[in-house]
Amino acid sequence: MESLDLPERYADLDLHVEGGSADDLRALLVAYHTYMVANDHLDFGLLSTVWDDAAENLFFNTNGHTYEGLADWENIWNFYRPQFALVAPYLPGRLRVGIADGLAFIASDRVTRFKRWVGGDLEHNPAAYRSTLVLRRGDDGWRVVHAHFSTEDEGLRPDRDPAGAPA
């Protein structure tokens, strides 16, 4: 399956970019969007179009566990797939992109997803989270080689007063 094109919601994206060309940035944003759509649907075929399939590539999930390579990712998605219903597509949040020497990162926060969980108690399933994708450029374009996801707390940071100013 080929990667997707960018939807309209990327037109007004909160985006900061360092390095790389306009073509690199576009390819990286398409890879990010393709990953996010795959994550919305737990679509392993689509994921495999942007994830580098080397077994040593790790991803850290919001459930607190580490997964190794595509086979592990497919297994966890097969486990979760019957347990949710997609309500609406993700929103990308705020993105920071860095590109240098064939490597890139995409750090995002304020990412929201809209799934209704129908199977079991999945307390680790946040509505908002942060992610970092690390990508490497190869002969077949930009591929994700590491992903790290964590929950995002929308409450007051511990170093702030109730008005949000530094304590």
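General remarks:
- Applying Stokes-Einstein at 37 °C and 0.692 mPa s to the Kirkwood radius of the chain, computed over alpha-carbon pairs, gives a translational diffusion coefficient of 195 µm² s⁻¹.
- Rounded if a/c under 1.5, otherwise prolate or oblate - the range 57-140, Cα gyration tensor axes: oblate
- GNM top mover of Thr132, Thr66, Thr112 - the chain, alpha-carbon springs below 10 Å: Thr66
- Lys/Arg +1, Asp/Glu -1 at C-beta; the chain dipole; positive extreme among Leu70, Ala147, Ser108: Ser108
- Estimated inter-spin distance, Asn78 and His16, nm [label 7 Å along Cα→Cβ]: 4.2
- The base-10 log of I(q)/I(0) for the range 45-101, evaluated at q = 0.24 Å⁻¹, reads -1.21 [Debye formula, identical scatterers on Cα atoms, solvent excluded].
- Cβ-placed point charges (K, R +1; D, E -1), dipole of the range 11-111 about Cα centre in debye, nearest 20: 380
- For the range 2-84, the solvent-accessible area works out to 50 Å² per residue, with a probe of 1.4 Å and every protein chain left in place.
- For the chain, built as a Gaussian network whose Cα springs stay under 10 Å, the top-fluctuating residue of Val134, Val37, Val17: Val17
- Among the protein heavy atoms of the range 33-167, carbon and sulfur supply 51% of the accessible surface, probe 1.4 Å, non-protein parts ignored.
The values are calculated or read from the model by the stated rules, or taken from the named source; none is laboratory data. Nothing here was measured: the structure is a model prediction, and the numbers come from that model. Here the Cβ is made from the backbone with ideal geometry for all residues, glycine too, and neighbour counts use every protein chain on show. Quick note on the areas: whole protein, heavy atoms, side chains included, nothing else; ligands and nucleic acids left out. Shrake-Rupley method; radii C 1.70, N 1.55, O 1.52, S 1.80 Å.
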